[in-house]
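**Q** Handing you a structure now.
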Amino acid sequence: MRQLEITSFSFVFIISTILFVSCSAKTYPVDHEQLSEDERIVIRFSHVVGEDTPKGLASRRFAELVEERTDGYVEVQVFPNSFLYKDGEELDALLDGDVQMIAPATSKVSSIVPEWQVMDLPFAFDSELEAKEYISSPAGEVLKKKLEQKGMYYLSYWDNGFKQMTNKHHSLQDPKDFKDVTFRIMESELLEEQFKLLGANSQVETFDQVFSVLEKGHVQAQENTFSNIVNKNIHSVQDYMTVSNHGYLGYLVIMNADFWEDLPDEVQMIILDVLEEVTEWQAELAKQVNQDKYKTLVDCNCMKIHQLSETEKKQWEEALNPLYDTYIERFGAEYIEYIPKLKQ
Ligand code: LMR
């Protein structure tokens, strides 16, 4: 009899929990384990890089921790390697609600909020920390708000690392070495102008196409982090690399804003807590992954590696400095003045 009472109590509890969930999007059910797949919250998280990269590893850890801390009530499905959507497509998919979460490079959201391009300014940051400080500066806060106005809720900023130049035919040391070389770039007008100032050409290609366009010789060169170079096996189709650290590649971890709004408060809190933890962990990890991949590139003996000297760096900076004035004029000084090298 007592057994029967407990069973019927559980039944009522489960039913009322389910009703609660379906009636109010803001309610966090207590007894999550009793919920079926359909009653759980599913977050589809799409990205374009491999699993063994700073973003790949961080998104996996985020998924595990969210699932663990919500007792499985929230399931994060991670789709790496452009498996679902390529660059550009993933932004549309987020806005259309086909996926709920993405982490594109800052350059890539510039198709929707152009001002994010300021993070592509060459030699803007000397360390990962400086890039992070920019994100938390008043200018960074305005940029995050702009994302929200476009339907993308900013959650966090993840690191990859500094971009390096690679080329097929010769070493890139002096600005004149860039003349007439065609580079694959991410979609960003600023990156296009960066190469134009060096006398080079550029071609926008999605990340999944980088290897193929280099292999076929449609472009001869590209810029990317050690991690991405190894991830896409770029070193097998490039003969020269210049360690230039000329640009920083970081990611905006963003969610569909309506989806975020509809999440129960408790779930939002868990997601933010987990992200804080993962972001901190990820920053160290990104450094380690890039160091390891640099070692892979040295050990493979497959590219001639040149370290940009201070004198060469000054020459590159001189050639590229006009970009700062162009972008102050285009977007306003308020976005540029927080770039560390311009801060007084
Ligand atoms: C690229 O397209 O080169 C990178 O932004 C890919 C990535 O997400 O790291």
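The values are calculated or read from the model by the stated rules, or taken from the named source; none is laboratory data. All of these numbers come straight from a predicted model, not from anything done at the bench. Note that we place each Cβ from the backbone using ideal geometry, even for glycine, and neighbour counts take in every protein chain shown. Protein only, heavy atoms only, side chains kept; ligands, DNA and RNA dropped before computing areas. Shrake-Rupley method; radii C 1.70, N 1.55, O 1.52, S 1.80 Å.
**Q** Under the rule of -39500 (n - 2.57) per DSSP H run of 4 or more residues, summed and divided by the residues of the chain, what mean residue ellipticity at 222 nm is obtained, to the nearest 500 deg cm²/dmol?
**A** One gets -14000 deg cm²/dmol as the mean residue ellipticity at 222 nm.
**Q** By its C-alpha gyration tensor, with a ≥ b ≥ c as the square roots of the eigenvalues, how is the stretch 8-342 shaped: rounded for a/c under 1.5, else prolate for a/b larger than b/c, else oblate?
**A** In terms of gyration-tensor shape, prolate.
**Q** Would you mind calculating the gained length between Glu277 and Val142 on full extension (0.36 nm times residue separation, minus the Cα-Cα distance), in nm to one decimal?
**A** Full-extension gain reported as 46.2 nm.
**Q** Another question, then. Out of the total accessible area of the chain (probe 1.4 Å, heavy atoms of protein only), what percent is carbon and sulfur?
**A** On the chain, the fraction of accessible area on carbon and sulfur atoms equals 50 percent.
**Q** Sticking with this structure for a sec: In square angstrom, what is the accessible area per residue of the chain with a 1.4 angstrom probe?
**A** So the chain comes to 45 Å² accessible per residue, rounded to a whole number.
**Q** For the chain, what are the DSSP H helices with axial Cα length of 20 Å or more and mean Kyte-Doolittle hydropathy of at least -1.0?
**A** Span-like helices in the chain: 2-23, 54-69, 265-299.
**Q** Sketch the reach of a paramagnetic label on Ser171 as a point 7 Å from Cα along Cα-to-Cβ, and name the residues of the stretch 228-253 whose backbone nitrogen lies under 18 Å away.
**A** Within reach of a label on Ser171: 238-246.
**Q** Related question: Restricting to DSSP loop positions (anything but H, G, I, E, B) with no more than 11 other Cβ atoms inside 10 Å of their own Cβ, which GluC sites (Glu not before Pro) remain in the stretch 247-297?
**A** The qualifying sites: there are none.
**Q** Hey, another quick one. Would you work out which of His218, Leu252, Val278 lies farthest towards the positive end of the dipole of the chain? Charges go on Cβ: Lys and Arg +1, Asp and Glu -1.
**A** So the residue furthest toward the plus end is His218.
**Q** A follow-up question, please. Quick one: which residues, 5 or more positions from Leu121 or on another chain, have an amide H under 5 Å from its amide H? H modelled 1.01 Å from N in the peptide plane, none for Pro or chain starts.
**A** none
**Q** Now for a different question. About the Cα centre of the chain, what is the dipole size in debye to 20, counting +1 per Lys and Arg Cβ and -1 per Asp and Glu Cβ, all else neutral?
**A** It works out to roughly 1000 debye.
**Q** Moving on. Name the residues of the stretch 200-225 whose amide N is less than 17 Å from a point 7 angstrom out from the Cα of Asp180 along the C-beta direction?
**A** Those under the cut-off are 200-202, 218-221.
**Q** Here is a follow-up. Taking a spot 7 Å from the Cα of Cys300 along the direction of its beta carbon, which residues of the stretch 219-243 have an amide N less than 14 Å from it?
**A** Within reach of a label on Cys300: 222, 224-242.
**Q** Now for a separate question. Go through His47, His235 and list them by solvent-accessible area, largest first, probe radius 1.4 Å.
**A** I get His235, His47, largest accessible area first.
**Q** A further question on this structure: Quick check: residue separation of Ser236 and Glu261 times 0.36 nm, minus the Cα distance between them. What number comes out in nm?
**A** 4.5 nm
**Q** Need one value: the accessible area of His306 in square angstrom, 1.4 angstrom probe, rounded to the nearest 10.
**A** 40 Å²
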